[in-house]
Every structure is written in C-alpha cells, then in structure tokens.
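Shown next, in structure tokens, is the structure this report addresses.
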Amino acid sequence: MPTRKTGSSMPSSTTRERVLAAAEKLLGQGAAEFSMRDLATAAGVSFATPFNQFGSKLAIMRTLSAQRIATMHERLAVADLPDTSPDRVLEAVRIAAEVMVEAPAVNRTIMGVIGAPGSEPGETRGRSQRFWTEALGDGTGLSPAARELGLLLLPDHLAIAFRGVLSFWTAGEIRDDDLVANAQAVAAAMLLGFVEGDERELLTGLLGRVARRPLAP
C-alpha cells in the first residue's frame, strides 16, 4: 500500500541523518575515538543501526567528508564568481577552506581518519576533482596555448594540492586563520604555468604576500 511504502522509506532517511548528526556531535565534544556503541547511544538507535546504515565507522567518516564537499559545491553554485578561471579558482579555494574551518576540531578528525594508513580508497578525490572542474569554468583567463591542457590537468592537480594543504592544517602546522591564504597560494602556484600577462601578475602578487606571512609556531 502507498502509505506503508512511504512510511518505510522516511524512517531510513531520518535514521541515517540522526546517526551522522550524532557522529558530528561526538567529534565536536572531542570524542574522536568513539565506538559504534557510543554512536548508537548518542543517536538513540539500536547498536546494529549504525552498522546497518553505513557498515563501518570509516564509512561514516567518509560520508561526513562527502557532506563537506557537497557544501562546497552548493556555496560555489550560488557564489558571485569572477569571469576568469584563475580568479574563480581563488574564490573556490576561499569557499572550500572556510567550510573546513567552520568546525575545525570535527573536520581535522575526519581528515585524519579518512587519510589514515591502511584505510581502503574512497571517492574523495573524484568528488574534489568535480569541484575544481566547476571552479575552473570554461578556462577564460588561461593562456590560449595552455587552456586545453589546463582544463584537463588542473582539476586533479588542484584536488591533490588542496588535500596537501589540509593535511598540514590537520596536523596543526597551519592555523585556522591562515588556511585560506595558504590554500590560495598553493592554487596560485599551480595556475602559474597556465597563465600570462595580467593574470600572471595577479598570481605572483598573491604569492609574494603569502610568502611574507609568518609561519604557524
């Protein structure tokens, strides 16, 4: 019956969200080593429910990571982006970095777990590539001779570079208030090989400003 079908689908979605919210709450409280039993208790569900919904704690962390990238996509989609690809990328970096520092303790823990040795590969790289593809747009502002190659290579290179910056941030070697500047500098360095003229001058100026910033103690 239709009523029964609707009723069976809604609790599943709600339960999944409750488990994720509970995981975020535990992480925010500093309980990074929470057990699945702790998680079930915090979510108000049975012990088996987190396993049934996600399979493992690592899968939960990857889902939380995917939510962050989805938030970046959503904010990028409604942002008033510049016309040129280099400026668009720098704005996308700002958006992405600000998403991460909104809940730094939680997001550092998520980054640490999904990047731990021995964990099976996930889909973070592909999701990140799609974000940077969207950020680049049609390649306006890239050198005509390098535009095609830039649009081919830069999404993956920017994904790797941003993840690298986040790894130092996760380790506490980049302060929260320095994350945007450091991430933009890395992106600018990546873009330098694909621009010329005014765009190159803009990027080198940004790199010079970041180079003069003091490192985190």
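Overview of values
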quantity: Loop-located trypsin sites (Lys or Arg not before Pro) in the range 137-217 whose Cβ has at most 11 other Cβ within 10 Å (DSSP); calculated: ARG212
quantity: Carbon plus sulfur fraction of accessible area for the chain, probe 1.4 Å, in percent; calculated: 55 percent
quantity: For the chain, calculated [θ]222 nm from helices alone, where every DSSP H run of n ≥ 4 adds -39500 (n - 2.57); calculated: -23500 deg cm²/dmol
quantity: Dipole magnitude of the range 82-199, debye to nearest 20 (Cβ charges: Lys/Arg +1, Asp/Glu -1, about Cα centre); calculated: 420 debye
quantity: Over the chain, relative contact order from alpha-carbon pairs under 8 Å, at least 6 apart, %; calculated: 18 percent
quantity: Spatial separation of Cα centroids for the range 23-39 and the range 154-211, in angstrom; calculated: 32 Å
quantity: Solvent exposure ordering (accessible area, 1.4 Å, most first) of LYS57, LYS25; calculated: LYS25, LYS57
quantity: Under-5 Å amide H pairs with THR140, H placed in peptide plane, nonlocal only; calculated: SER85
quantity: Gyration tensor (Cα) of the chain, equivalent ellipsoid semi-axes in angstrom; calculated: 37, 21, 14
quantity: Residues of the range 98-217: accessible area per residue with a 1.4 Å probe, Å²; calculated: 53 Å²
quantity: For PHE34, distant residues with modelled amide H under 5 Å away; calculated: none
quantity: Fluctuation leader among MET100, MET190, MET72 - the chain, Gaussian network, Cα springs under 10 angstrom; calculated: MET190
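The values are calculated or read from the model by the stated rules, or taken from the named source; none is laboratory data. Please read these numbers as outputs of a predicted model, since none were measured by experiment. Here Cβ is always computed from backbone atoms with ideal geometry, including for glycine, and neighbour counts include all displayed protein chains. Only protein heavy atoms, including side chains, enter the accessible area calculation; ligands, DNA and RNA are left aside. Shrake-Rupley method; radii C 1.70, N 1.55, O 1.52, S 1.80 Å.
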